[in-house]
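Here is the structure we will look at.
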Amino acid sequence: MLKDLFKNEKFVFIFTFAVSAIFYYLFEFTSITGEYILADIGLAPTFGLIFGPVGALGQAFSTLVCELVTGMDPIASFIDFGIMFFISFFAYKLWYTTFKSYGINAPRFNSIYNILKFLAIIILTSIVYWALINISFYAYQNMSPVYPLTIAFERISYILNNFIFSIILGLFFISSFNTLKIPLKIPQKRISRINIPYKYFLIPLAILIAYLILTISSIIDNDYLENIFFASTVIVSVLFCLNTFDYDVEVKTHNYSIIEQVILIFLIILGVNLIINFEYFRIISHEYFNELATEFRYLITIAFSTTLTILLSLIHIHYVEKNITNPLYGLIDSVRNYRDENTGSKLIKYSKSDDDVGVLVKTFIQLSENIKMNFDKITEVTAKKERIETELNVANDIQSNMIPRNFKEFSKGKPFEIYGYMNPAREVGGDFYDYFSIDDDEIHFIIGDVSSKGMPATLFMVKTMHLIKNHSKFSKDLSKTMEGVNDILCERNKENQFVTIWFGKLNFTSGKLTYVNAGHNPPLIKRDNGNFEYLNDDPNLVVGIMEDMPYEKHEITLNKGDTIFLYTDGITDANDIDENFYGEKRLKETINKHKNAKPMDIINEINTDIDRFCESQEQYDDMTMLVVKYEGVN
């Protein structure tokens, strides 16, 4: 809710206007603290840092309205309006365009660097404010009869007010907004005709600060030089604010960190302690500045207390930063860049202590080394896996190209239809089917299943297919062909692989089907327009186990329309989520529902039923089917 409100510029204007009006009423209209203590001045740099130009305008406009209400001269009021807006925007511009050694972030107090940057900006803002006030006095003598300039110390009351209350209010408001995670105003890049490199502002800045120190120390007391100082300060500041708003570092906002909370808790405790001992500081200021007005002595006492608080805080923050902040930020950076090889060397300086943080850093360094070691192993394994997968994909393509799919071309002009299907469980498998012609009046077709899986099964499959086709060219006897293939496959078969084969030869003219079953699943055959039934013959021994084995052949005659369906055990062994097998019974029932369909449609319907049966269960075994339908000779 608050985040959304402060994203609205109208609400920001109203908020800064209201807060500034309350502070003006308390510290100027009621004069509860005397004429030298003007806390509302510190709101200008604070709201500029938090809200940018909108906050600067709201605070300045509030000052204008309040001064007009209290009866101040209108011209003087508008001059004050311009001064307050300028120093507010000046602080905003300083934060985002200077002191960029450690990058640019929205104002926050999470490191010594950011606190020193904040203090430097407040000091510069205070000097510029003092210069603008003096210039306005010179230009318009009736601005105010107050603030005598006859005593050297009183000349810096404007600096003290801006410095003291900008620090106090800045710490409070900026810390509160960060704690509440309210986003601060982030500037946008702005191009101006004035584009002076910011480093060139350092020279006049150094001269002006040096002159200020010499003046306060009464080493230089010259009204002419003083006027030059004030004019130069104003000119340099105006040029700075009109300069191109260009920054080459990405601005980032962060949630409030626990480290900032530790720092601010210490600041609060120390601040409360100084408030309690304020009377002691007042006594000291009275002893050394007894010639000054009482209210001015209070102002000096507050300034001394604030400065002491900041100095002591910086000592504490240095310890926190060295022993807590930097090690934790180092750990965070290492986690974000865990693959950086220099992680251990960057953190080693934080692991020398034996406290909790040191132990944490040591543990993380060891963890980081283990992660890198495991990451290297994972990278190596992944590379090998990717290489193997690539090789398997190539093997899959090779295997797919070896399995014939020219069904229509092969059966064109011949009295049969044929269709095959193969789906390996892995990238490559051990199932296969094949068909080929040796003579014009015959067709050979075969289906097989290698015992193993994966690449070894594929290699064994390729060898088997090659041997069957070659032996078939030299022998028309299927028994002799199978015996020759078996003898060769038994040679150097140390892995004891074997293959089940159903090998058939169909004569177109006579319809005679000769086949050899080497330990394969019994095929389903539909004859005389009946149903599919299993062709149960005693199978021979599988191929590749024992040499010199005889293989018995069988003969049957097919009539027109008879169909034979061959499959591997991946079909009947397909299981569902309850580990139930698809089985020979369901296969027979399914194929008989589509017994008069074309070979391709029969295979598609069986696949559909298997998918319905298995649902989401992963395929375990290779699945292969081959259908041959004999059309007969007219």
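Calculated FRET efficiency, ASN559 and GLN619, Cβ-Cβ r, R0 35 Å, to nearest 0.05? FRET efficiency, ASN559 to GLN619: 0.45. The modelled label-to-label distance between ASP528 and ILE228, using points 7 Å beyond Cα along the C-beta direction, is 13.0 nm. Taking each of LYS469/LYS585; LYS469/LYS629; LYS408/LYS453; LYS453/LYS588; LYS181/LYS372; LYS480/LYS505 in turn, the alpha-carbon distance tops 24 angstrom for LYS469/LYS585; LYS408/LYS453; LYS453/LYS588; LYS181/LYS372. Our estimate of slack between LYS408 and LYS384, defined as 0.36 nm per intervening residue step minus the Cα-Cα distance, is 4.5 nm. Counting 0.36 nm for each residue step from ALA18 to ILE203 and taking away their Cα separation leaves a gain of 62.7 nm.
Label sites at ALA120 and HIS316, each approximated as a point 7 angstrom past Cα along Cα to Cβ, lie 2.4 nm apart.
If R0 is 41 Å, the Cβ-Cβ spacing of LYS595 and LYS476 corresponds to a FRET efficiency of close to 0.80.
For segment 429-469, the dipole from Cβ point charges (+1 on Lys and Arg, -1 on Asp and Glu) about the Cα centre works out to 440 debye, to the nearest 20.
In terms of the mean number of neighbouring beta-carbon atoms within 10 Å, the peptides 543-555, 14-26 order highest first as 14-26, 543-555.
Rule-based calculations on the coordinates, nothing more; no lab input. Quantities reported herein were computed from a predicted structural model and do not represent experimental measurements. A quick note on method: Cβ atoms are made from the backbone with ideal geometry, for glycine too, and the neighbour counts reach across all protein chains shown.
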